[in-house]
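What follows is one structure encoded as structure tokens, with my remarks underneath.
What follows is calculated from the coordinates using simple rules that are stated; it is not laboratory data. Predicted, not measured: the structure shown is a model, and the values here were computed from it. Note: ideal-geometry Cβ built from the backbone for every residue, glycine included; neighbour counts use all protein chains shown.
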Amino acid sequence: MIIRNSAALIPLILLFTAVSIPIVALKKKQIAFFMVMIATSLSVIISFYNIFRVLKVGTIHYHFGGWIPPIGIEYVLDPLSSFICLVINVIALLVLIHSKKIIEMESNIKSVPYYALVLLMLTGFNGIVLTGDFFNLYVFLEICSLAMYGLISVGGKQAPVAAFRYLIMGAIGGSFYLLGVGFLYIKTGSLNMADVRSIIPHLYDEPTVIVAISLMVIGFGIKMAVFPLHGWLPDAYTYAPTTSSALIAPTGTKIGAYAMLRTLFFVFGVNYVSKTLHITDILAWLSAIGIIYGSIMAIAQKGMKRMLAYSSVSQIGYIGLGIGLCNPLGLIGAVLHVMNHAIMKACLFLVAGNYRVKLGHSNIFKLNDNIRKKMPWTTAAFTVAALSMIGIPPTLGFFSKWYLALGTIKNSSWIFLAVLLISSLLNAVYFFRVLEKVYLKPMSSNDLEEPNMSKNSKADEVSSSALIPVLILSVALIILGLLNTIIVKGIIEKMIPAGM
Amino acid sequence: MNIQSCYTSFVPLYAILVSLLAVPLIIFSSKKKNLREFWTIGASLIKFGLVISLIPNALLNKTAEISIVEISPGIELALKADPFGVFFALVASGLWIFTSFYSIGYVRGLKDKKQTRYFSYFAICLSSTIGVAFAANLLTFVVFYEILTIATYPLVIHKEDEKSIRAGRKYLAYTLTAGSLLIAATALTYQITNNLDFKAGGMFKGIALTPNMALVLFLLFLGGVGVKASIMPLHSWLPTAMAAPTPVSALLHAVAVVKSGVFGIVRVALFVFGPKLMYELGLNNILVVFAGFTIIVASLMALKQDNLKRRLAYSTISHLSYIVLGTALLSSSAILGAIMHIAFHATMKITLFFCAGAIYVNLHKENISELNGVGKVMPWTMGAFAVGSIGLTGIPPVNGFVSKWYIGLGALQANNLIALIILIISGLLNAAYFFPILHRAFFRSGENLEGKKEASPFMVVPLVITAMLAVLLGIYPDFLFHFYHLAAMVVTNVLGVIS
Amino acid sequence: MINFFLGHYGYWFAILLMCLGLYGAIMKKNLIKKLIGMTIFQTAIIIFFVASSSKWGATVPIFDEKIGVANTAKYINPLPHTLMLTAIVVGVATMGVALALVITTYLRYKTLDESVLLKRMKKDNDN
């Protein structure tokens, strides 16, 4: 039974656990964390199993309730969806292991409802990735969005405002998507992705279809934080508590990217969106602007979390650029960067969280090299992640940029190539600034005073539950970098849609 | 025609790994200084031994190859110990032994902090340098080249004062930009040829390459490797990086980093584009112009410097372009001379830097104007300095004469009289900026030198040995390491295709 | 031409509401007004969907013996209605979360004006 239903199990397990946490953990709050661990570990195991099954058997269609599509809702496991599902679940597991320490420390987070919301959000993510039905995607999109608003709002004083602004933009985005689905339904009469794909070739010239695509792309764009629809991101990532940022930043925007990939390439067809409609060109240009904009804004920031938020805008631009290039190498670069950015950002936000645990803040200009003496492992992990963001081999970051560069050259898009390379240098600027601060003695007096720092330099590293996920993520960057061909040839090359 | 045969061997990989494996050992024995230094010395000796073991086969044109892992569909992280690679690896690993001993004397003499960081990052740098030397294809080259950039940064900023940190930032700005250009060039090459393996005589055989595309590609490569090779106007990071401690300047900025850059230029010119293509498209003229300009202007700027290390830095910039000039002339003697100059200049320059460091540690003097009478107090040090200076000026019997002679011969072979004149003028300029130092040291009397004696043997012994090596190589260029034959093998591999 | 407007007046109405809602959500500074705008926008989409399901001369999709099963053109399309049930619930839930956030914001900052809030947020401890 498990094997037959494996496609659907992940959202169901997560949903069931999410709903039962408030009930079961009513008396003993510690059970909540335990249940979360079980649920996410099961999800990871099932995701691994799914990937291997898909690689052996091919695309798997799962009909919910036995109803045959297009009447029934189906879940589709193909290399793309199972890969992204795996990445999301693994990152979630590692971040949640780290969360134990954070939740203990933050006094204004009630652990039981918080964990329930986390699992709801993960249900939403997994549902979006696995589903093969447009309206089902909307449902899960709204589930995860609502959970995200809640998770962000339990941060500092400014958090509810940031969450509210995200809510407005996110709800509008979801509604745009819904409207697009409506237009599509009016014309095609079907909500099933595979069904729509077979009907669309007859409808290429219909203005309704063009409007539908545009609305859906805008909706996904808001979720994915493509420039200029990224306005909600900096505040949301900055003011959210550490675990929320670390959960949402690596995964939340990737869902939008996945949905965009799925809709543009697998439903509407590569040739249609790129040659006839030129949507991918627009996406590529906006992403390129976003790359530069995000990097420049990141340089201007004083707080580490805000810097990482703008850096995310820039990195999402890479993924958007990869999608917009519309060729196999660009797609490989984009999907590899999905995994790469997820690992890097999770590592970086968790490091920022570790600093907040020990120092009470993560303001860059207040850091000094006592931190390296007190928290050597955390800082080492930060260094590896920073090198990966800049794109130094042999970390994974170099390779996703390498594939993207090859993709831009294949299209003879020299401006995009220049954008890629310039952004690596801009990344170096703001990351080395932090590295200078933590590795070197204070240089001049324009650094802020840090009264809380004790002068002894004994190591005072965070506890192992907070340290091990960080280390695993940073080591993964190097190992996956060297072995990236296994992933590229094993899974990603199988994802390339027909027509590329 | 020389046919290269290959065989699989782990030795190149071990040569890279041995110093990487030493790093955790160094870190964990940071409290016990002598044990920590033992790991460094041990790793350097083993590395040198491994590289030497590759010489016999390289002389027979049998290359040891190993492919480590596939890092991009169709491209592997692969190592190949061809004669050129073995040549450069010899220089780097051999001189590391001397630098390690010298470093011990230097950092302990200055009671530096962060010595563990110093020794561990030095080991990583040497790993990446050997990686650059043995890289079998462009992507492997890029990987190790970038690792070298990052690994040298902590060494540049070692002193952690404001000058060092600024020097580090400038260094990174230049080298990371260059890295981006190099990646772009590699990606473009892959798009054109679909295969990134270095081939003696050029990768583009049988592939249509429009002159415009070739020019753009060449300029991108030049920007990519030219920064580390300090070709003007990409050179200005090097004098600023003299804020680093002297052993760092000595090894990295006279041997490892800059020589990696020049190594890269030779690889690009002779193994990517190939002499035939370079000549047909006139690309070598671009190199000749840049190199010639750099040689003269750098020497002129050296004349103006009072800080000893800065003068040596500009001298390095000038001599690196000897190698570029030799490669650009594309004739057999010129390339031979250029490759030999990689090794010979390294021996001489490292001697000079070691002397500068010894003077600093011993007498706390940095400027040439303060060096009056030093020769009487530190005779061995200044004697070695004299040997190095004579060699760089191009006077026998020091080895600098040999490489310069061959480059000059090559200029005549290539009918390039201007290059010959540049070499002669540069020789005179070298004399002009070195001999006054010797004059001050030996023939003037200094103040405040009572009671001072020679520097610590940890520092003096290495520099005397390197100076003696320079002389021995000048008399018999094939001495011990077969530099001459290795270089000759490279030339036949590269040019033999045209014949 | 007339038909284009009159025949689709349901859609035109929905689009008008959407524009009003978007305007409110984006341009208004008061948080409650933004919320109202967003809700109007979502409701407009619901109206749009429901309008799309209607057919001329058709009746509600409950089985009627006089019409029978085979003649589906006489029944309006029930699918968008069911989809919109979900959308309505989503809208309600979103409004609930939004109101909770607004209340918390007011308790902390004592204002609901967005520009004032943003200024004060910047002044607070930035991290």
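For a test of the definition: using alpha carbon positions, the gyration tensor, and the 1.5 limit on a/c, classify region C:2-126 as rounded, prolate or oblate. Prolate shape, in that a/c is at least 1.5 and a/b is the bigger ratio. What is the set of long-range amide H partners of B:A135 at a cut-off below 5 Å, with H atoms built 1.01 Å from backbone N? Amide H neighbours of B:A135: B:K80. The calculated FRET efficiency for A:E206 paired with C:K28, based on their beta-carbon distance and R0 = 35 Å, is about 0.50.
Between B:I27 and B:A431, the simple spin-label model (points 7 angstrom out along Cα→Cβ) gives 5.3 nm. Modelled spin labels at C:F13 and B:K452, positioned 7 Å past Cα toward Cβ, are 9.8 nm from each other.
All other residues with a Cβ under 13 Å from the Cβ of B:L126 taken together, and with Lys, Arg as +1 and Asp, Glu as -1, what is their net charge? Within the 13 Å Cβ shell, the charges total +2.
For region A:186-202, the Karplus equation 6.51 cos²θ - 1.76 cosθ + 1.60, evaluated at θ = phi - 60°, returns couplings of 4, 7, 9, x, 9, 10, 8, 4, 5, 5, 4, 4, 6, 8, 4, x, 7 Hz by residue, with Gly and Pro reported as x.
Beyond 28 Å in Cα-Cα separation lie the following of the pairs B:K259/B:K376; A:K437/B:K170; B:K349/B:K453; B:K159/B:K304; B:K170/B:K304: B:K259/B:K376. For the listed residue pairs A:K101/A:K345; A:K401/A:K489; A:K345/C:K122; A:K305/A:K489; A:K305/B:K228; A:K373/C:K119, the alpha carbons are over 26 angstrom apart in A:K305/A:K489; A:K305/B:K228; A:K373/C:K119. For region A:151-165, 3J(HN,Hα) computed residue by residue from phi via the Karplus equation (6.51, -1.76, 1.60; θ = phi - 60°) reads 5, 6, 6, 8, x, x, 5, 7, 4, x, 5, 4, 5, 5, 5 Hz, glycine and proline entered as x. For B:Y476 and B:I395, the difference between the fully extended length at 0.36 nm per residue and the C-alpha to C-alpha distance is 27.7 nm. The label point for A:K110 and the one for B:H439, both projected 7 Å from the Cα toward the Cβ, are 8.8 nm apart. Mean separation of Cα pairs under 8 Å and 6 or more residues apart, divided by the residue count, gives chain B a relative contact order of 16 percent. Note on B:179-188: average number of Cβ atoms from other chains within 10 Å of each residue's Cβ is 6. In the elastic network of chain C, a GNM with C-alpha springs shorter than 10 Å, the most mobile of C:I88, C:I67, C:I15 is C:I67. Annotation: the antiparallel percentage among DSSP beta bridges lying fully within chain B is about 70. Per-residue ellipticity at 222 nm computed for chain B from its helices equals -24000 deg cm²/dmol, with DSSP H segments shorter than 4 residues left out and the rest contributing -39,500 (n - 2.57). Take the residue pairs A:K100/C:K29; C:K34/C:K123; A:K100/B:K31; B:K31/B:K163 and return only those whose Cα atoms are more than 31 Å apart. Correct reply: A:K100/C:K29; A:K100/B:K31.
Compute and list, largest first, the equivalent-ellipsoid semi-axes of the protein assembly as shown from the alpha carbon gyration tensor, each √(5λ) rounded to a whole angstrom. Don't skip to the answer; put the middle values down first.
Numbers: eigenvalues 782, 214, 118 Å².
Over the Cα atoms of the protein assembly as shown, the semi-axes work out to 63, 33, 24 Å.
Is there a simple number for the mean count of other chain Cβ atoms within 10 Å of the Cβ of residues in A:178-184, and what is it?
The per-residue average across the peptide is 5.
Around the amide H of B:I71, modelled in the peptide plane, lie the amide H atoms of B:E76, B:L77, all under 5 Å away and 5 or more residues distant in sequence or on another chain. Working from Cα pairs under 8 Å separated by at least six residues, relative contact order for chain A is 15 percent.
The string of couplings for region B:191-208 from the Karplus curve (6.51, -1.76, 1.60, θ = phi - 60°) is 4, 7, 9, 6, 8, 9, 5, 5, 10, 4, x, x, 8, 9, 4, x, 10, 6 Hz, one whole number per residue in order, with x for Gly and Pro.
On the basis of the beta-carbon distance and an R0 of 51 Å, B:N367 and B:Y14 show a calculated FRET efficiency of 0.70.
At most 10 other C-beta atoms within 10 Å and a DSSP loop state: those are the exposed trypsin sites (Lys or Arg not before Pro) I care about. Give me the longest piece of chain A that has none. It works out to A:29-454.
Please check which bits of region A:107-151 a label hung off A:Q30 would reach, taking the label as a point 7 Å along Cα-to-C-beta and the cut-off as backbone N under 17 Å. Answer for region A:107-151: A:111-112.
As a length-normalised measure over Cα pairs under 8 Å and 6 or more apart, the relative contact order of region C:2-126 settles at 23 percent.
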